[in-house]
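See structure below.
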Amino acid sequence: MSIYLIPPEILSDIFRRTLSSDHDDNPISSNTGPMLLIQVCRTWRHVAVSDSSLWSSLRINVSHATGMNHPCIVELWLKRSAFQPLTITVWIDPFSHLNREAREIVQTILHMLSNVSERWVRLSMTLPASNRLFAEFCSSQAPNLELLSFKIGNWSMEEAQSINTLLRHAPALRTLQWSNRCSWGSWDAPFDSGMQHLRVSWANLTDILLDTWITLKTALEILQRCDNLVNLDLRHFSYNPELLFEPNNSISSQQGPALHDRLPYTHLPYLESLTIYQLKLDEGLSLLMERIFVPKLIHFNFTCGFIDHVKWPQASFHNLITRSASHLQSLMLEYTGISQDQLIQCLQDCSTSLRRLEVYDARGDICVGDTLLEMLRAQTLPDPFTYHATLCNNLTTLILHRVVECTDGALAQTLESRTSISLSDQKQQRCAPLRHADIIFSKCFFKTNQLDLHYLESSFPKSAE
């Protein structure tokens with residue numbers, strides 16, 4: 001069958017399926033996306049130009065090398081999108097110093113985008129902070145905007161006023177992704193992120209990603225207003241007592257239980273996913289877990305860079321899960337220094353609900369040994385004298401990287417018992433078969449200041465029973 005005999009509506013559907021991922025990865029140009037399709041033949045050009053949905057996503061990259069024809073392409077793209085809801089991504093090196101020509105191009109493009117702000121649905125901006133650069137852009141009305149992502153470099157408080165104008169004019173906003181840095185190397189150094197200056201309708205948000213310096217005080221202040229929050233990701237969270245309270249506040253010098261008692265309790269009735277990263281494990285994680293209630297939490301992910309002076313807050317995590325009556329389905333712990341006994345307690349707290357377990361380390365902190373492996377082992381012959389309930393009987397994914405140290409055969413026996421469960425065994429033991437396992441052993445031998453690591457990796461791909 002000749003391709004020219006394909007009906008236009010089917011050809012248009014093929015184009016949409018082909019370009020669905022292309023929009024996200026490639027910036028608009030005459031050589032990508034639908035601009036490339038219209039160069040094939042007259043028929044393809046007619047179909048592509050007629051289908052406005054093909055032009056509803058724009059990724060605009062601007063640099064010193066961007067030509068003056070770039071605004072023309074943006075204008076053409078917007079025109080052909082007709083009245084389609086728009087997904088827009090603008091990327092400029094957030095720490096660049098644009099020359100005059102590039103700056104004029106940026107201002108022209110932002111002006112074009114602001115003229116169609118009523119069609120914004122998803123807007124992602126990565127750019128250097130400059131009030132003169134995007135003040136007009138942020139004054140736009142965005143009644144249909146659902147997702148807003150700002151990544152700003154060389155941040156200062158001057159930008160907050162302009163961005164607040166946009167936030168006030170975006171009543172449909174549900175997802176906020178915020179990243180700001182006061183300098184190129186400020187990711188893991190304390191600085192005032194300015195989050196408290198943003199006038200966001202926090203109560204309307206369901207998804208929040210904060211990729212900036214967030215103190216315990218700021219986090220609790222924000223969460224108290226997030227009545228409908230479902231997913232929370234804190235990328236640079238810290239206790240940081242020197243920023244907890246104003247310097248002239250007497251409580252700023254208080255430590256320990258006194259400070260703990262003065263922090264507010266926060267109820268997050270709809271929170272399902274909580275992800276936290278800390279450069280250095282500190283008291284902030286423990287205090288946060290002690291002050292929140294998360295009855296619907298099903299995904300918990302925590303990553304730490306260093307554990308120099310503070311240990312994994314096992315008691316606080318246990319209190320969070322039991323107090324909230326959460327039923328975790330996935331648990332990911334990376335570089336936490338958690339012990340085997342502590343990990344066992346974590347798994348016991350969510351034994352019947354857990355579906356996915358991931359534990360990572362590379363510093364010799366072993367938390368999976370014979371005891372835990374025996375508890376995870378599926379029992380094939382339930383003997384009333386020796387039988388014990390299998391820990392995490394609904395677990396289907398197990399990922400353990402450099403945290404396993406056991407006697408020969410212990411891990412193999414556990415994995416075999418969990419991967420060779422028949423349908424009848426499932427009913428008898430009430431134990432789900434393991435679908436995916438990814439294990440990396442770590443054995444360390446120190447020889448004259450040289451660390452020699454030997455890894456053994458076993459992987460069990462998904463398979464149907």
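Taking helices (runs of 4 or more DSSP H) that do not extend beyond the range 30-124, which have at least 1 residues that are without any contact (Cβ under 8 Å) to a residue 40 or more places away in the chain and closer than 19 Å to Ser162 by Cα?
In the range 30-124, 100-114 are the helices (runs of 4 or more DSSP H) which contain 1 or more residues that are without any contact (Cβ under 8 Å) to a residue 40 or more places away in the chain and closer than 19 Å to Ser162 by Cα.
Could you give every pair whose Cβ atoms fall below 9 Å, whose first residue belongs to the range 395-406 and is among the polar types (S, T, N, Q), and whose second residue is open to solvent by less than 40 Å² (accessible area, probe 1.4 Å) and assigned to a loop (DSSP other than H, G, I, E, B), counting only separations of at least 6 or pairs across chains?
Partner pairs satisfying both residue conditions: Thr396/Ala432; Thr396/Pro433; Thr396/Leu434; Thr397/Leu434.
Would you pick out the residues in the range 125-152 that are assigned to a helix (DSSP H, G or I) and either at pLDDT 90 or above or crowded, with 18+ Cβ neighbours inside 10 Å (or both)?
Within the range 125-152, Leu133, Phe134, Phe137, Cys138 qualify.
Name every residue in the range 271-327 that is open to solvent by less than 10 Å² (accessible area, probe 1.4 Å) and among the acidic types (Asp, Glu), in order of residue number.
None; the set is empty.
Within the range 252-262, does at least one residue satisfy the condition of being modelled with pLDDT of 90 or more and either more than 18 Å from the chain's Cα centre (by Cα) or open to solvent by less than 20 Å² (accessible area, probe 1.4 Å) (or both)?
no
Glu159 fails exactly one of the following numbered conditions: (1) of a type in the set (Asp, Glu); (2) modelled with pLDDT of 80 or more; (3) open to solvent by less than 70 Å² (accessible area, probe 1.4 Å). What is the number of that condition?
Result: Glu159 passes all but (2).
Could you run through the range 73-127 and say how many residues are hydrophobic (A, V, I, L, M, F, W, C) and farther than 22 Å from Arg168 by Cβ?
16
Residue-by-condition table, conditions (1) modelled with pLDDT of 90 or more; (2) of a type in the set (A, V, I, L, M); (3) within 30 Å of Arg235 (Cβ to Cβ):
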{"position": "Arg356", "(1), (2), (3)": "yes, no, yes"}
{"position": "Gly369", "(1), (2), (3)": "yes, no, no"}
{"position": "Thr380", "(1), (2), (3)": "no, no, no"}
{"position": "Thr419", "(1), (2), (3)": "no, no, no"}
{"position": "Leu423", "(1), (2), (3)": "no, yes, no"}
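Here are some residues: Arg80, Arg45. Which one is among the basic types (Lys, Arg), modelled with pLDDT of 80 or more and farther than 27 Å from Glu136 by Cα?
Checking each option against the conditions leaves just Arg45.
Somewhere in the range 175-183, is a residue within 21 Å of His267 (Cβ to Cβ) and either of a type in the set (D, E, K, R) or modelled with pLDDT under 90 (or both)?
no
The values are calculated or read from the model by the stated rules, or taken from the named source; none is laboratory data. Only a predicted model underlies this, so the values are computations on that prediction, with no experimental measurement involved. Every residue, glycine among them, receives a Cβ derived from its backbone with ideal geometry; neighbour counts consider all protein chains shown. We work out accessible area using only protein heavy atoms, side chains counted, and drop any ligands, DNA or RNA first. Shrake-Rupley method; radii C 1.70, N 1.55, O 1.52, S 1.80 Å.
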